[in-house]
Amino acid sequence: MQIIEVHVVIVGAGPAGIATAGCLNKLRISNIVLERDDCPVSLWRKRAYDRLKLHLGKDFCSLPHYPFPSYFPNFVPRVDFLHYIDSYIAHFGIDINYNCSVDSAFIDQSSRKWRLLVTNNSSGAGEIYEAEFLVVASGENSEEYIPNIKGLESYQGESMHCSKYLNGREMYKKNVLVVGCGNSGMKIAYDLSTWGAYTSIVIRSQVHYFTKKMVYVGMLMLKHFTVEKVDKIMIVMSKLKYGNMSKYGLTRPKEGPFALKIKGGTTPTIDVGCVKRIKNGKIKVYPGISSIKENKVVKFVDGQHAHFDAIIFVTGYKTNVLKWLKDYKGLFNENGMPKPSYPNHWKGKHGIYSAGFSKRGLEGISFDAMKIANDINFTLTSRVNQITS
Ligand SMILES: Cc1cc2nc3c(=O)[nH]c(=O)nc-3n(C[C@H](O)[C@H](O)[C@H](O)COP(=O)(O)OP(=O)(O)OC[C@H]3O[C@@H](n4cnc5c(N)ncnc54)[C@H](O)[C@@H]3O)c2cc1C
Ligand SMILES: NC(=O)C1=CN([C@@H]2O[C@H](COP(=O)(O)OP(=O)(O)OC[C@H]3O[C@@H](n4cnc5c(N)ncnc54)[C@H](OP(=O)(O)O)[C@@H]3O)[C@@H](O)[C@H]2O)C=CC1
Ligand SMILES: O=C(O)C(=O)Cc1c[nH]c2ccccc12
């Protein structure tokens, strides 16, 4: 089989892969992006709900060297974000091979280069790529995660992961349980409630909650003040706006929101109206689930039980890196996340890089893309300088 040789191969055409290709193209370093799906940013195009918007202000979400158009609103809707990505690809002339699933990547012992075994999903044929540099940009959210709950396999209602949820049109006057209170959980619960579903949400852990504006102000303040100071202000703002919500099942962690985000990647929840609906009883809060019984009954850890026509698992994602990256030791841990902590997470040995694995959203992705492209450029130019001197 013919081997396709490139300087840099990038796995994944999400924002991270596209941003890295854009930065490399700007430096005139040839590269190819391999994408298993048939389009770019498939997470945003195919696996996200209609109401989704960027929840951070647009100053924190544009990709490198290409700001959002000035007429875009501060919180960019999903469809505008897709247009922006399409024009980013056109502007930088990014080369993407769609329908290409990377099945494995390893270091070839004779060439000492990265070798990738790829299946072309449209023809079914196998392809081999060889590259000096490998950029892992397959995403923190590449595999849906649904917890193992006793009785779930025999649940007779409708159950789905949130990546299949578009809107609540079919849920009017149905009892729906949303499991998970991250950013997707709170937004989907709110969305369902506005579509007239009798909505409940499982909140099993402590959580920080803010309005979009508070987080926007907080992100701006972080440019000038310490994390501790900003966190204190954030909590005061949240308390002033929402008060004490513990009797409704919402308690704040002791540690501040940005400190937690930086330390563990736990993202504070940006509330778009869910908290108000919890307060006025339109959305009911339950603690963790203990099991699912017959007749669509869900039992909770505090002994309560209730009947649900549908369950939406908004329980997050996992990475798929360990499934296809064979020589990963050094850069990735057993959860498929970078071993070195931020800001050293983006580079490994033998020409491997990670883009989009710092749990810092699109801002983190831009940071990674620029670091990676500059580092590859540095390696290549120092080599040319050595030869010519
Ligand atoms: C619903 C949602 C909303 C978000 N909103 C925001 C926000 O407002 N602001 C913000 O800053 N961040 C946000 N994020 C976080 C983050 O910015 C996005 O998840 C972003 O899409 C991550 O980009 P990525 O390129 O790293 O990963 P992805 O977008 O997941 O792209 C990875 C790509 O790799 C492909 N791929 C995976 N495995 C393979 C393989 N083996 N072979 C070939 N291709 C493969 C996938 O098909 C996918 O297209 C959001 C995340 C989610 C889930
Ligand atoms: N732009 C936007 O508007 C949006 C942005 N996002 C971003 O997308 C990324 C993914 O977010 P999201 O999909 O919400 O995933 P997250 O991983 O952030 O949240 C998963 C949630 O599921 C809960 N959970 C997991 N297992 C269970 C279980 N067995 N029982 C009960 N609860 C459980 C977790 O609770 P626990 O903490 O107890 O484990 C947590 O609340 C985040 O970075 C987020 O910020 C998401 C949505 C919208
Ligand atoms: O949406 C996400 O997943 C993000 O990680 C974006 C993000 C970066 N910093 C934040 C601080 C508060 C809320 C979201 C984010």
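The values are calculated or read from the model by the stated rules, or taken from the named source; none is laboratory data. Because the structure is a prediction, the values reported are computed rather than measured. Don't worry about glycine lacking a Cβ; one is built from the backbone with ideal geometry, like all the others, and counts go over all protein chains shown. The accessibility values were calculated without ligands, DNA or RNA, using every heavy atom of the protein model including side chains. Shrake-Rupley method; radii C 1.70, N 1.55, O 1.52, S 1.80 Å.
Quick look at the values:
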| read-out | value |
| --- | --- |
| Residue within the stretch 30-38 that is assigned by the TED database to the domain that holds ARG360, within 16 Å of ligand 3 (Cβ to nearest atom) and out of contact with any Phe, Trp or Tyr (no Cβ under 7 Å at 6 or more places or on another chain) present | no |
| Any hit, the stretch 202-212, residues being away from ligand 2 (no atom under 14 Å from the Cβ) and touching a strand residue (DSSP E or B) at 6+ places or on another chain (Cβ under 7 Å) | no |
| Test set (1) touching a Cys at 6+ places or on another chain (Cβ under 8 Å); (2) part of a loop (DSSP other than H, G, I, E, B) - LEU63 fails condition number | (1) |
| Residue within the stretch 311-325 that is in contact with a Pro (Cβ under 7 Å, 6 or more places away or on another chain) and either within 16 Å of ligand 2 (Cβ to nearest atom) or touching a residue at least 12 places away in the same chain (Cβ under 8 Å) (or both) present | yes |
| Pair list, Cβ under 6 Å, 6 or more apart: the stretch 163-192 residue under 16 Å from VAL285 (Cα atoms) and touching a residue at least 40 places away in the same chain (Cβ under 8 Å), other residue more than 14 Å from ligand 1 (Cβ to nearest atom) and aromatic (Phe, Trp, Tyr) | ASN175/TYR198; ASN175/PHE308; LEU177/PHE308 |
| Test for LEU192: is it open to solvent by less than 80 Å² (accessible area, probe 1.4 Å) and either touching a helix residue (DSSP H, G or I) at 6+ places or on another chain (Cβ under 6 Å) or more than 16 Å from ligand 1 (Cβ to nearest atom) (or both) | yes |
| Scope the stretch 355-373; condition within 16 Å of ligand 2 (Cβ to nearest atom) and not in a loop (DSSP other than H, G, I, E, B); matching residues | GLY361, LEU362, GLU363, GLY364, ILE365, SER366, PHE367, ASP368 |
| Answer from MET219, MET234 - the residue that is open to solvent by less than 40 Å² (accessible area, probe 1.4 Å), touching a residue at least 60 places away in the same chain (Cβ under 8 Å), in a helix (DSSP H, G or I) and away from ligand 2 (no atom under 11 Å from the Cβ) | MET219 |
| Filter result for ASP80 (part of a loop (DSSP other than H, G, I, E, B) and either open to solvent by 20 Å² or more (accessible area, probe 1.4 Å) or within 11 Å of ligand 1 (Cβ to nearest atom) (or both)) | no |
| Every residue from the stretch 97-124 that is crowded, with 18+ Cβ neighbours inside 10 Å and among the hydrophobic types (A, V, I, L, M, F, W, C) | CYS100, VAL102, ALA105, TRP114, LEU116, VAL118 |
| Residues that are in a strand (DSSP E or B) and either open to solvent by less than 30 Å² (accessible area, probe 1.4 Å) or closer than 23 Å to GLN2 by Cα (or both), drawn from the stretch 125-147 | GLY126, GLU127, ILE128, TYR129, GLU130, ALA131, GLU132, PHE133, LEU134, VAL135, VAL136 |
| One residue from TYR248, TYR286 being at negative phi, open to solvent by 20 Å² or more (accessible area, probe 1.4 Å) and in contact (Cβ under 8 Å) with a residue 24 or more places away in the chain | TYR248 |
